[in-house]
Amino acid sequence: MFQKILIANRGEIALRIQRACRELGIPTVAVHSTADATAMHVRLADESVCIGPPPARDSYLNVPAILSAASITGADAIHPGYGFLAENAPFVEMVEAHGLTFIGPSSAHIRMMGDKIAAKAAMASLGVPVVAGSEAAVVDLDEAAQVAKTLGYPVLIKASAGGGGRGMKVAGSPEELDMAWRVARAEARAAFGNDAVYIEKYLDRPRHIEVQILADAHGNVVHFGERDCSLQRRHQKVLEEAGSPALTAAERDALGATVTAALARIGYRNAGTLEFLYQDGRFAFIEMNTRLQVEHPVTEMVCDVDLVREQIRIATGEALGYGQSDIAFSGHAIECRITAEDPETFVPTPGRVTAFHAPGGPGVRVDSALYAGYVVPPYYDSMIAKLIVHAPTRAGAIGRLRRSLAEFAVVGIKTTLPLHQRIVEDASFQAGDYSIHWLERFVAAG
Ligand code: MV4
């Protein structure tokens, strides 16, 4: 087992990783910017090291400072959490060159899945259903027109280095293709320094369904079912559920069997999530995330698994020790991401939290680094808490969500708690009847 783990992150996920380490008996090192000197992840760590000034590029993305912090504290492994350095292949290589273990996949798999064209081609060749589209990068407008004609309009032009919604343009007709093509290429070049793009048939009202997997270093791969992450605004997820209200157990089992077989064949290791669009009863792979995700707790609740503990065990070389038939799905879980934002305009609301009361009771979990007196800094992501509820049925989970949202008190700054309170009362949400466009319309309608 590791002697000491450095957690290269902040906020609730740094606490989440500390908790897994503590249960395994492993001491932790927190790193922090000068803006986070009084943050809860620093207060609760066994040791902490300041790694730079507030901007993330100078602190949480400061690789030399993070490697130095590991060296001076004697850490032998680094957990990246999500965001920051979690999917940065050169970082993984530097960690390993320093004789440390990166708690995550290999740099080669991170690189493969970061190239969306390569990821899709690999999955297609392994028998995973993918969205209809070009099989490689599309090189010029003539080829784009050819591909689009074959697919039929509307089509979506995507940046190969993109993902998470950045660098996408819809073309609804041949007349729109030229403009969409040029804008997509220019945006991809500006945002990623890489203008490789590919084209897909545009699905007009899909759900976003993702499958959680774990793979050990011995070729064992298991899945933990799906999460429905369709409720998002501007590519920021707002509420996630496990399982999806739209899927049957048979669909879950079939999709899980397909993805675990595929990942076993490429020798994938550690945690991963495969993203699919689901429309008209069909799944289509779009991307794979090679990290622990924000919304992992809903999976933990329904599968009774500690995914962070499993990531750490896998990174030491331990075998999973269980198979697919040992994983049972029990009840339903829902997560609300509470952010320090105005619930109507979504303008960030950093500032002092004067009072804080988290809900509790049966089936309620709050992952947060907030405390009364804490000042939410303006430099980082605005998520301040995740409220996760679990109950035997989806209706039961919604009931627990309603009462825990009413209990939740964050005083001193505006938060998105009122938005979540409105969502739980909505009839379409309660019926599980929504696509990826539902929340944008709900917010616009006020
Ligand atoms: C799509 C799509 C429709 N058709 N691909 C957005 C994020 C990135 N991961 C992929 N995305 C989409 N790809 C095809 N062929 C619609 C989206 C999309 C979306 C996907 C998941 C969750 C929210 C979304 C919001 C807008 C668009």
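Of the trypsin sites (Lys or Arg not before Pro) found in region 227-324, those that fall in a DSSP loop while having at most 12 other beta-carbon atoms within 10 Å are 234. With contacts taken as Cα pairs under 8 Å and at least 6 residues apart, region 193-270 reaches a relative contact order of 31 percent. Here, region 31-187 has an Rg and a Dmax of 20.9, 61 Å when only alpha carbons are counted. For the cross-link pairs 120/201; 149/201; 158/386, the ones whose C-alpha atoms lie over 22 Å apart are 158/386.
Quick check: from the Cα gyration tensor, does the chain come out rounded (a/c under 1.5), prolate or oblate? Because its axes are fairly even, with a/c under 1.5, the chain counts as rounded. With the simple model of a label 7 Å out from the Cα in the direction of the Cβ, residue 142 to residue 372 spans 7.1 nm.
Can you work out the FRET efficiency for the pair residue 124 and residue 57, with r the C-beta to C-beta distance and R0 = 30 Å, to the nearest 0.05? For residue 124 and residue 57, the calculated efficiency is 0.25.
About the centre of its Cα atoms, region 388-446 shows a dipole size close to 140 debye [charges on the beta carbon of Lys, Arg (+1) and Asp, Glu (-1) only; nearest 20 debye].
When only Cα pairs below 8 angstrom with a gap of at least 6 residues are kept, region 377-446 shows a relative contact order of 21 percent.
Distance distribution P(r), region 287-381, all Cα-Cα pairs, bin width 5 angstrom from 0: 2, 9, 15, 17, 18, 14, 12, 7, 5, 1 percent. Heavy-atom accessible surface of the chain, averaged per residue, reaches 39 Å², computed with a 1.4 Å probe.
Considering only 362, 206, 343, the mean-square fluctuation computed in a Gaussian network model of the chain, springs between alpha carbons under 10 angstrom, is largest for 362.
In terms of its Cα atoms, region 1-63 spans 32, 21, 16 Å along the principal axes, sorted from long to short.
The modelled label-to-label distance for the pair residue 319/residue 178, using points 7 Å beyond Cα in the direction of Cβ, is 6.3 nm. The simple Förster model, with R0 at 35 Å and r as the Cβ-Cβ distance, assigns residue 204 and residue 76 a FRET efficiency of 0.10. For the chain, with a Gaussian network of springs between Cα atoms less than 10 Å apart, report the residue from 212, 311, 279 with the top mean-square fluctuation. Fluctuation is largest for 279.
Give me the extension gain from residue 393 to residue 153: residue separation times 0.36 nm, minus the current Cα-Cα distance, reported in nm with one decimal. Contour length minus Cα-Cα distance gives 82.4 nm. When the surface is traced with a 1.4 Å probe over the full set of protein chains, residue 73 keeps roughly 20 Å² accessible. Remark: relative contact order (the chain) = 14 percent; criterion is Cα-Cα distance under 8 angstrom and separation of 6 or more residues. Straightening the chain between residue 344 and residue 96 buys 84.8 nm, computed as 0.36 nm per residue apart minus the Cα-Cα spacing. Under the shape rule built on the C-alpha gyration tensor, where the axes satisfy a ≥ b ≥ c, region 300-446 is oblate, since a/c reaches at least 1.5 while a/b does not exceed b/c.
Here the calculated FRET efficiency for residue 282 and residue 425, from their Cβ-Cβ distance with R0 = 30 Å, stands at 0.40, rounded to the nearest 0.05.
Ranking 356, 91 by solvent-accessible area of protein heavy atoms (1.4 Å probe, all protein chains present), from largest to smallest, gives 356, 91. For residue 328 paired with residue 46, estimate the spin-label separation in nm (one decimal), with each label point 7 Å from Cα along the Cα-to-Cβ line. Each label point lies 7 Å from its Cα, and together they span 3.5 nm. For region 120-170, the square roots of the Cα gyration tensor eigenvalues, ordered a ≥ b ≥ c, give a/c of at least 1.5 with a/b no greater than b/c, which places it in the oblate category. Label 7 Å along Cα→Cβ of residue 264; region 97-131 residues with amide nitrogen under 12 Å? Answer for this model: none. Of the solvent-accessible surface of the chain, computed with a 1.4 Å probe over protein heavy atoms with every protein chain present, carbon and sulfur atoms account for 53 percent.
The values are calculated or read from the model by the stated rules, or taken from the named source; none is laboratory data. Everything quoted here is computed from the prediction, not taken from an experiment. Positions of Cβ are backbone-derived with ideal geometry, glycine not excepted, and every protein chain shown enters the neighbour counts. What goes into the accessible areas is simple: the full protein's heavy atoms, side chains included, and nothing from ligands, DNA or RNA. Shrake-Rupley method; radii C 1.70, N 1.55, O 1.52, S 1.80 Å.
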